[in-house]
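Below: one structure, written as structure tokens.
We did not get these values from a lab; they are worked out from the coordinates using the rules stated. Small disclaimer: the values here were computed from a predicted structure and weren't measured. Positions of Cβ are generated from backbone atoms using ideal geometry, with glycine treated the same way; all protein chains shown enter the neighbour counts.
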Amino acid sequence: MTSQNLIVVIYDGQCRFCKASVDWVKQKLHLTAIPFQQTELHQFGLTYDQVSKSVHVIVESQTYSSSTAVAYLLKRRGNRFIAVLITASGPF
């Protein structure tokens with residue numbers, strides 16, 4: 001896998017819904033999922049305040065958060081229609 005294909009997801013490892021969602025996405029998409037409670041956030045340029053409020057997806061030099069991160073993962077997973085709905089709904 002090249003670095004340009006590497007997807008890193010920083011999520012709440014104590015949230016059962018978050019863990020189940022990451023597992024579901026991983027069924028069709030290769031990614032590295034890291035609970036924010038178990039990582040050095042500064043290496044990703046993130047703060048505790050940021051990651052405690054929303055999921056973050058890092059791809060190449062781009063960082064997506066909240067609904068933008070979810071929509072990105074859904075689109076890459078092949079769930080384009082749901083990704084469009086999430087994008088249209090705005091932040092959540």
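Data for the structure
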| read-out | value |
| --- | --- |
| Percent RCO, i.e. relative contact order, over the chain, from Cα pairs under 8 Å lying at least 6 residues apart | 29 percent |
| Beta bridge orientation in the chain: antiparallel %, DSSP, nearest 5 | 65 percent |
| Under the Karplus curve 6.51 cos²θ - 1.76 cosθ + 1.60, θ = phi - 60°, whole-Hz ³J(HN,Hα) for the range 35-42, x wherever Gly or Pro sits | x, 5, 6, 10, 9, 7, 4, 4 |
| Sparse-neighbourhood loop sites, trypsin sites (Lys or Arg not before Pro) in the range 18-92 - DSSP loop, at most 12 other Cβ within 10 angstrom | Lys28, Lys53 |
| Over the chain, equivalent-ellipsoid semi-axes from the Cα gyration tensor in Å | 19, 15, 13 |
| Cα gyration tensor shape for the range 47-91, rounded if a/c is under 1.5, else prolate or oblate | oblate |
| Principal axis box of the range 15-67, alpha-carbon based, largest edge first, Å | 28, 25, 21 |
